[in-house]
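Have a look at the structure below before the remarks.
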Amino acid sequence: MTALERPPRAPRMHLGSEAQPPTGKYQWIYLWELPIRVMHWTAAVAIVVLATTGLYIGKPFFMTGGEASSHYLMGWVRFLHFSAAAVLVTTGIVRVYWLFAGNRFERLAALFPIRPRDWANMVKQVKYYLMIKPGDAPQYLGHNPLQQLSYTGIYALTAVMVVTGFAMYGQSNPDGMFYRLFQWLVPLLGGIQIVRFIHHVSTWIFLIFIPIHVYLAMRGDVMERSGTISSIISGGRFVRSDVKYVDE
Amino acid sequence: MYFPSSRPWADGETLSEHLERRGVSRRDFLKFCGEMTAVLGLSSAMTPKVAAALAAMKRPSVIWLQLQECTGCVESVLRTGNPSIGDLVLDVISLDYQHTIMAAAGHQAENALQQAMKDNKGEYLLLVTGSIPLNDDGIYLTIGGRTAKEILVDAAKGAKAVIAVGACAHWGSVQAARPNPTGAVGVSEVVTDKPVVNIAGCPPISDVVTATIVHYLTFGNIPELDYDGRPRFAYSSRIHDQCPRRANFDAGQFVEEFDDEAARKGYCLYQVGCKGPATFSPCPIFLWNSGTSWPIGAGHPCIGCTERHFWDTMSPFYKRMPDVAGFGIESKVDLIGAALAAGAVAGVAAHATATGVHQIRERRRERELPIVNQPPSGKKE
């Protein structure tokens, strides 16, 4: 009676002290190379800074008193916002480069769940999360189709944020580079207030994404012992040798 | 102060001769030329050139069409409390056809328009205030039995340059706000075969109109325009970046309600909906009413009237963000966003709880069933 005879599905796991320690043959698989990991954590910090400062710029929730000359609160908040934006854009450039230089889990093709198999598995993944068929989740080494779709969506949203952000930023200097590069967007979207509105609403989409993302990553580790969180720190994770992975 | 005279600028008379006849000193004239050079963003070394060109100028023919509009632009441009030489130039050159201020009426006025267009074909300046309604064959505005579109196309044909004055002529203004029942459009959407200068604003500052005309008369061409056809000398900088309350913005000092302490101290109007950060206009520099004041100077937020579609995109005027169409007037982006983000956190917590409940249930069921294929606890392979 060994683990190798078990059917290829995730074993039931128990929470906390009652959890069975993982058994069976495992192998370590390298998924996320250094640029991706550095990009992930740098972008995470940048996004937190951007969302916080962005919400302050959108609605300044505390103020200063006294003479204007002795304070520079909004000035510093905007400076932080623009600096963090520059950092985020840099991570974006690294990510785009790694779409072509990375391994098969990081390449452009890994961003899009386009095969029919992916869509069937996405339905299974949703059923798994909704606890309709909890034992039936498809096993992927890299991202499952639902992850592919949501992370690609976040990349697209980041691009929207960057472009709308630069369109607003450029307006302070109509002779500057950013005005020339991004001003086309303003008449296209119907005015700078619409650009501002899209930038503002997108912030909230990030703020909705973050708790779900963190929860599901932690849940994967707790429920499936998938090593997800480890993989974005060390680059790899231990996977069961006896399970057939969809993207092997 | 120079008041309009009953003695018009005669044909063949130069501007310097005319101004002398009107009692304007050479000194005042040069001051005016210096101001205009500065407004146009030219080097002060250009002042003599501007002065020479204007002094030698013969009376130019200007036709001023008023289409679908409220006449506020004409009032703003022509009826200042203290007419300057600039106003006088506008006054004296706009004699050929301007149906608000001209003495003629009815067929006489129409004949004056036709005559001016025929006599100065290819030479006259065309100033337009007001939008052009296109829906239902343009029946929403007719003058002398002709629609606004017919009148404009006809007049633009022989014009040397077309200057659209005010938000209506720029893009349609209030009558073009959603749902735009008359199909009102700006001049540049009807006159497409020659460049149209848009003097944006509802109403625009008269100095910008005067300076554009001075540029045209001095150099024989229209000034450099931005992406929306507005002269860059006036519309190349945001109100926000020229605002005297900018220091309060940078310091984080904001008016939250119109009668609060911060409002009395003259803090930044950002939180009560000021659209200065979205608006390109020279208001803080040129000021209004003969340099007396301007909206933000009087404690009122900018409504962004020099920007296209400002009635739709800059409103609500006293809020930072546009309303979400179809969500009702009570909805606010931040409220929806915060509710959804809180919903995501609550959903995640509920999901974690459900997972735990599910686990407990599974465990109970497992206890009743024989354990198959389960390696003994703690045993390592």
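How well do other chains shield peptide A:215-226, expressed as the mean number of their Cβ atoms within 10 Å of each residue Cβ? That average works out to 2.
In the context of the full protein assembly, A:Thr228 retains an accessible surface of approximately 40 Å², using a probe radius of 1.4 Å and ignoring ligands and nucleic acids. Once the 1.4 Å probe is applied to the protein heavy atoms, region B:237-345 comes out at 44 Å² accessible per residue.
For the protein assembly as shown, the share of DSSP beta bridges that are antiparallel, to the nearest 5, is 45%. When the surface is traced with a 1.4 Å probe over the full set of protein chains, A:Lys127 keeps roughly 80 Å² accessible. To the nearest ten degrees, helix A:73-101 and the longest principal axis of the Cα atoms of chain A are 40 degrees apart. Here, P(r) means the percent of Cα pairs in each 5 Å bin from 0 to the largest distance; for region B:179-221 it is 5, 17, 18, 21, 22, 8, 5, 2, 0.
Interface residues of region B:248-263, defined as those with an accessible-area decrease of at least 30 Å² between the chain by itself and the complete set of protein chains (probe 1.4 Å), are B:Phe249, B:Asp250, B:Ala251, B:Gly252, B:Gln253, B:Phe254.
For the protein assembly as shown, compute Rg over Rh where Rg is the Cα radius of gyration and Rh is the Kirkwood radius from the inverse mean 1/r over Cα pairs.
On the way: Rg = 33.8 Å, Rh = 29.5 Å.
The Rg/Rh ratio comes out at 1.15.
The Cα trace of chain B gives Rg and Dmax of 30.3, 116 Å, the first to one decimal, the second as a whole number. At a Cβ-Cβ separation cutoff of 4.7 angstrom, cysteine residues of the protein assembly as shown with no neighbouring cysteine are B:Cys33, B:Cys70, B:Cys73, B:Cys168, B:Cys243, B:Cys268, B:Cys274, B:Cys283, B:Cys302. Report, to the nearest 10°, how far helix B:106-119 tilts away from the longest principal axis of the Cα atoms in chain B, using its own Cα long axis and a range of 0 to 90°. Tilt relative to chain B: about 80 degrees. Solvent-accessible area per residue in chain A equals 52 Å², computed with a 1.4 angstrom probe and all protein chains kept. Can you run phi through the Karplus equation (6.51, -1.76, 1.60; θ = phi - 60°) for region A:115-121 and list ³J(HN,Hα) in whole Hz, with x for Gly and Pro? Along region A:115-121, the couplings run 7, x, 4, 4, 5, 4, 5 Hz.
Here is the list for region B:220-270: chymotrypsin sites (Phe, Trp or Tyr not before Pro) lying in DSSP coil, each with at most 15 other C-beta atoms within 10 angstrom of its C-beta, are B:Tyr227, B:Phe258. Checking the table B:Lys58/B:Lys194; B:Lys31/B:Lys275; B:Lys49/B:Lys194; B:Lys31/B:Lys121 against a 31 Å threshold on Cα-Cα, which pairs fail? Over 31 Å Cα-Cα: B:Lys31/B:Lys275; B:Lys31/B:Lys121. Judged by the gyration tensor of its Cα atoms, with axes a ≥ b ≥ c, region A:100-142 is prolate; a/c meets the 1.5 cut and a/b is the larger of a/b and b/c. Taking all protein chains together and rolling a 1.4 Å probe, A:Arg237 ends up with roughly 30 Å² accessible. What is the percent of Cα-Cα separations in region B:15-235 that go past 25 Å? Roughly 37 percent, once rounded to a whole number. Against the empirical curve 2.2 N^0.38 Å, the C-alpha radius of gyration of region B:237-345 lands at a ratio of 1.20.
The alpha carbons of chain A stretch over 78, 40, 34 Å along the principal axes, in descending order.
Region B:213-289 and region B:134-191 have Cα centres separated by 28 Å. Ligands, DNA and RNA left out, the accessible area of the protein assembly as shown computed with a 1.4 Å probe is 62% carbon and sulfur. Counting, for every residue in A:172-184, the Cβ atoms of other protein chains within 10 Å of its Cβ and taking the mean gives 2.
Per-residue ellipticity at 222 nm from helix content only, as computed over chain B with -39500 (n - 2.57) for each DSSP H run of at least four residues, stands at -11500 deg cm²/dmol. Peptide B:310-321 is shielded by partner chain Cβ atoms: per residue, an average of 3 of them sit within 10 Å of its Cβ.
About its Cα centre, the dipole of the protein assembly as shown is roughly 2440 debye, where the only charges are +1 on Lys and Arg Cβ and -1 on Asp and Glu Cβ.
The values are calculated or read from the model by the stated rules, or taken from the named source; none is laboratory data. This one's a predicted model, so the numbers in the text were calculated from it and none came from an experiment. Cβ sites come from the backbone with ideal geometry, for glycine too, and all protein chains shown count toward neighbours. Note: accessible area is taken over every heavy atom of the protein model, side chains too, but ligands, DNA and RNA are not part of it. Shrake-Rupley method; radii C 1.70, N 1.55, O 1.52, S 1.80 Å.
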